[in-house]
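Visitor: Just dropping this structure here.
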Amino acid sequence: MTITANYLGMPLDISGLDTENLEYFRHCAAHAFHLQACSACNLIRYPPTTACPWCASPDARWVPVDGRGTVHSYTEVHHAIQPAFKNHTPYLILMVDLDTQKGVPSPEEAIRVVGNLATPDGVLAPPDMVRKVGIGTRVRMVFSDVAPGLALPQWTLDEAAPPGTPWRYPQE
Ligand SMILES: [Zn+2]
């Protein structure tokens, strides 16, 4: 089943042949974060792929993963490359170190999941929220509903985490 949708003016298509991404986004549509765990070496991987990047086994099972982590790096976008994103600038693209499998199989290869900073209901974050977030911020996963059968995983502030002092790029 091919998924065709539109998110903020951008076409999003998942081919019916892309079984790994169809399964991944099927879970996301239910607001659940699942990743593939290798049946041979048990490592969880991201993004969805046909074989394990560490041991090459094609066999995997889908497992629920806690959608929490720490901002590893970020980009603050001031010039939207899509017209529909213009009203949301500045917005953040976050690269988040998952708590799950942190530092495994090596600190460089641990799982990092990319998403935008969003409000708890999955809308791109307003400027006052953007300014609070930097490297080290604790975040939790939320979902932006796009179409039946498709939601995008995003990140929002983890309200349960103690407030830290995230590092942000020097502002102009
Ligand atoms: Zn493996």
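Visitor: Residues of segment 106-172: accessible area per residue at 1.4 Å, in Å²?
Guide: On the way: 3560 Å² over 67 residues.
Result: 53 Å² per residue.
Visitor: Now, a different point. What does the charge count near H72 come to, summing +1 for each Lys or Arg and -1 for each Asp or Glu among other residues with Cβ under 13 Å from its Cβ? Mind dumping the intermediate values first?
Guide: Working: positive: K102, R112, R138; negative: D97, D99, E108, E109.
So the environment of H72 carries a net charge of -1.
Visitor: Suppose every Lys and Arg Cβ carries +1 and every Asp and Glu Cβ carries -1, with no other charges. What dipole size does segment 1-89 come out with about its Cα centre, to the nearest 20 debye?
Guide: Details: 5 positive and 7 negative charges, 32 e Å.
Dipole size: approximately 160 debye.
Visitor: When the accessible area of the chain is split by element with a 1.4 Å probe, what percent falls to carbon and sulfur? Each step should come with its number before you reach the end.
Guide: Working: 5230 of 9190 Å².
So the carbon and sulfur contribution to the accessible surface is 57 percent.
Visitor: Could you tally the net charge around A37, taking each other residue with its Cβ under 14 Å from the Cβ of A37, Lys/Arg +1 and Asp/Glu -1?
Guide: On the way: positive: R45, R61; negative: E20, E23, D59, D66.
In short, -2.
Visitor: With a 1.4 Å probe and every protein chain left in place, tell me how much accessible area W167 has, in Å² to the nearest 10.
Guide: The accessible area of W167 comes to roughly 130 Å².
Visitor: Assuming a ≥ b ≥ c are the square roots of the Cα gyration tensor eigenvalues, decide whether the chain counts as rounded (a/c under 1.5), prolate (otherwise, with a/b larger than b/c) or oblate.
Guide: On the way: a/c = 2.03, a/b = 1.24, b/c = 1.64.
Taking the square roots of the gyration eigenvalues as a ≥ b ≥ c, the chain is oblate.
Visitor: Might you report the magnitude of the Cβ-based charge dipole of the chain about its Cα centre, with Lys and Arg at +1 and Asp and Glu at -1, to the nearest 20 debye? Intermediate values should be presented prior to the final figure.
Guide: On the way: 12 positive and 17 negative charges, 47 e Å.
Computed charge dipole of the chain: roughly 220 debye.
Visitor: Moving on to the next point. For I81 and Q171, calculate 0.36 nm times their separation in residues minus their Cα-Cα distance, and state this gained length in nm to one decimal.
Guide: Going from the current span to full extension adds 30.3 nm.
Visitor: Just to confirm my numbers, what's the Cα centroid distance between segment 94-172 and segment 39-59 in Å?
Guide: About 24 Å separates the Cα centre of segment 94-172 from the one of segment 39-59.
Visitor: Kindly report, to the nearest 10 Å², the accessible surface of S73 as traced by a 1.4 Å probe over protein heavy atoms only.
Guide: Its heavy atoms expose roughly 40 Å² to the probe.
Visitor: What spacing in nm lies between the two simple spin-label points modelled at T19 and V104, each 7 Å away from Cα in the Cβ direction?
Guide: 2.7
Visitor: Sticking with this one: What figure, in Å² to the nearest 10, do you get for the accessible area of I135 with a 1.4 Å probe and non-protein molecules left out?
Guide: Only protein atoms counted, so the area is about 60 Å².
The values are calculated or read from the model by the stated rules, or taken from the named source; none is laboratory data. Small disclaimer: the values here were computed from a predicted structure and weren't measured. So basically every Cβ, Gly included, is an ideal-geometry build from the backbone, and we count neighbours across all protein chains shown. With ligands, DNA and RNA removed, areas are computed over all heavy atoms of the protein, side chains included. Shrake-Rupley method; radii C 1.70, N 1.55, O 1.52, S 1.80 Å.
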